[in-house]
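Take a look at the structure set out below.
The values are calculated or read from the model by the stated rules, or taken from the named source; none is laboratory data. For clarity, every value in this text was computed on a predicted model and none was experimentally measured. We place every Cβ from the backbone using ideal geometry, glycine too, and count neighbours over all the protein chains shown. Side chains included, ligands, DNA and RNA excluded: accessible areas come from the protein's heavy atoms. Shrake-Rupley method; radii C 1.70, N 1.55, O 1.52, S 1.80 Å.
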Amino acid sequence: MQAPKIVAIDLETQGLEARYKLDCKILSVSIVTDASEGVINLTEYEDYEDAIAKLRDIIPQLQDRGYIPCFHNASFDKAVLETNGIRIPEWHDTLVMSYVNRPSEIQHHKLETLARLVGETKYDKPDFHNPVVDKKFLSYNLQDSRITYKLFYYLWDLLSREPSNLAWYVNYERWYTRNIICMESGTLIDVPEVQRLDRVVTEELETLDSDIMRNTIHQRGAEVTYKKQIFHLDVKRETAAQYGLQVPYMTTFTGTYTHDTFGKTYKGEHCPVAFFNPNSDAEIAYQLETLYDWKPRHFNKPTKKYPNGAPAFNKKVKAELRHKYPLVESLGRWDELSKFRNTFVRGALLGRVNDKNYVYAGFNQCNTRTGRLSSSSPNFQNVPTRSALGKELRRCFIAPPGYKIVCGDVDRFELRILAAYLESIVGDSYLAEAGRAGLDEHTINTCKWFGVTQDDPQFDTLRPRAKNGIFTVVYGGGAEKLAVTLGVTVQQAKDIIQAIRDTTRIFQLKEIVAQHCKRNSGVIYDWMGRKLWVPELLSHDKSEYAAGYRRVNNYIIQGSQGSIFKRLQLELDWHIWQDRTSDIDYYQILSVHDEAVYVVKEEHTDAFIEAANFVFNRNDILVYNGQYVPITASFHSGDNWYDAKSK
């Protein structure tokens, strides 16, 4: 495929808000073609609109002459230009090209990192907090376009050596930038609903706080000799009253007792009230030993304070003990609620909502090794989806007046992709046949591995074990991890893994994929032909190689899921624009794993859902040698994300 003729464009603005706010102005624009180069200083114009008008003349003229605009990070530059009325119907992006060529974290694709590949050096960055648009500033702007111009042809040459990878970039990945821009244009939030959720979570946290403190503090009159407690001192009387504890700040005893805290000994007729610290693993371990006679099996590394190592109470141990001890159950719930409130309710929504009740997240197209999206500020990809709290959080995402939220997700997406690989590579067709027959694959696995029928009383208990078991095996988890996930014994987890080994060819598939990637210099291609890179498989270090072995099987499934999901979202847009339904008023606000969320004008909702269900239900993507594995999805509408999802 021959490289197109491009015009490299770079913008410098007053801030990142220029993507969606007209009052955040463009300062300068640099342009480089095969024939000329230059930079436009928009601050020289007395009237800013005159400067924008000049851009509205120059850029379309270049497009009319056959030049395709090329940016480094089109999700910003293209968004800014279109916010200012300059349409960019086709574009290229060297940031995305670099990512497709070498899928890795974003720091590997920054312009200053890539400049040396084309013999250039990125100039020192001006002070953008107080920008002075002088000669140095304009030179910086122009140099960025020079680097982008050279980089495009360098990366096009690299991509051309891998035809399927180039085809993925040209046909799909570069176009997905438009979806990124759309999602970064903001999401409307129901602030009173967020505040209500905050109150509900805070009330439960306070109740848990009180229960935890009441059950772990040493009450007045307890005739105890303190030998190795780890407690906070100097607790005020008001703090004790806050938790409803009938314990004064100073407790008087009739005899002499010892209170030993980190070597500090208090002797005499009193000792201070000491409150349990739920954030201290050492204190949790002490309480378990004291309250339940718990005997720790795992220890941290020896220290001066703990010559034999302090009892380990990490995430894994907490999960093992959560259903055994009420204190651990309470602490686990406290952790969940605290993280949910601070990260999502207060951090992601209340902490970032603007005066118009919109939240603006950043969606990162080029920041994961699997090709899936990530997001930041706030991270919508981490919104809990299965918990009751996560479902309540969805109520806070709403549509503007006259519009509806429409969402849909792909059924058992990763399992269908696994089925396609099992059938095409190792000839194991049982999952693919279940999909073609419209059966639930997890039900098939439950019956297959545990020897039960759907009518068996144990079926509802065993199905989650089958569902989690297959993904734990595929993604490299062992019996201990599966035991923690399911709340079963390690031996039960081993039995589940053995059943999977005995009845499927998943382990053979994993070995073939890993060896193929290793022979191919750490490179493998997902179902859509997009490149995946697993350099750890080339390492002579055993731990690095083991990590690569786990990752390659994770990447091939999740990478394929990410690529196919992008394709489906793009093809929905193209179908609507090219079909008779082109008058539908809609825009995308979220893409979370296998779920796409849109805002649609109320009178267009039925037509949009019909189009989405048509595009997302396919038999022509997961195809091999005439056989197919179906992709199925269902879209629904509602006043908020929760209502649309729950239908």
For the modelled label position 7 Å from the Cα of Ala546 along Cα-to-Cβ, which residues of the stretch 281-316 have backbone nitrogen atoms closer than 14 Å?
none
Of all the accessible heavy-atom surface of the stretch 515-641, with the other protein chains kept in place and a 1.4 Å probe, what percent is carbon and sulfur?
46
Percent accessible area from carbon and sulfur atoms, the stretch 22-108, protein chains only, probe 1.4 Å:
44
Over 30 Å between C-alpha atoms is what I'm after, so list which of Lys318/Lys448; Lys78/Lys136; Lys5/Lys110; Lys21/Lys339; Lys54/Lys125 land there.
Lys318/Lys448; Lys21/Lys339
So, with a 1.4 angstrom probe, what is the percent of accessible area on the stretch 316-387 that is carbon and sulfur?
46
Heavy-atom accessible area per residue of the chain, all protein chains kept, 1.4 Å probe, expressed in Å², is 47
Taking every Cα atom in the chain, find the radius of gyration and the maximum pairwise distance Dmax, and write them in Å.
29.4, 97
Taking the Cβ-Cβ separation of Val490 and Asn300 as r and a Förster radius of 25 Å, what is the calculated FRET efficiency to the nearest 0.05?
0.75
Candidate span helices, the chain: DSSP H, at least 18 Å along axis from Cα coords, Kyte-Doolittle average at least 1.0, result 413-426
